[in-house]
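Shown next, in structure tokens, is the structure this report addresses.
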Amino acid sequence: MLKNIDKWLKQDPKEAVEILIDGKKVKIIPQKDIETLLDQLTDQNWDTINFKSSTRLAPGPNNTVVTLMDASLELVVRYKVRSSAHASIGKEITRTLTGAITFDVAYFGNNYHNNTAKSLCISNAASDLGNRFGKSLNPLPLMIGMNPPTTGGNKILETLTGLKEKTSTE
């Protein structure tokens, strides 16, 4: 049972591991650890609702076509305030967080696309809870397995490329 949830949520994640993506080191929290942390926070009182997923074809590199999966869900967490710093000690807090992901299905090399999408959406939504869930791990909006859009004139791609270049020179 966590005594000071606010302090716990602000801590850096002990579960973070460093991996290489496109030759760059990034930190992630493995999915099983995200679920364990959710269990610790909520005494196993969390759930997902409204999971939606779809696949679509999109232009890929070198005039190829890739299959992208888009998915979203809502993560509902319920936990009690246990810190004496709160006037409402003992009160149950319910938070509904949204997580979404887009990824190239070929990146994962498995046929469990919905399971992969759901796991990534849970991790994405949980990061809104605080540093403990990876909120401050990577300064750029990095999605594991997501190839940047390759269509011309894409403002999102231009913005991400600009941010990536700016942070790599600082």
Item checked: In the range 36-50, residue farthest from Leu2 (Cα to Cα) [restricted to those that are surrounded by fewer than 16 Cβ atoms within 10 Å (Cβ to Cβ) and in contact (Cβ under 8 Å) with a residue 24 or more places away in the chain] -> Asn50
Notebook entry, point to check: Hey, among Lys80, Lys27, Lys14, which residue is within 15 Å of the chain's Cα centre (by Cα) and among the basic types (Lys, Arg)?
Noted result: Lys27
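The numbers here are math on the coordinates, done by the rules we state, and not lab data. In this text the structure is predicted, and so the values were computed from the model without any measurement. Counting neighbours? That spans all protein chains shown, and the Cβs are built from the backbone with ideal geometry, glycine included.
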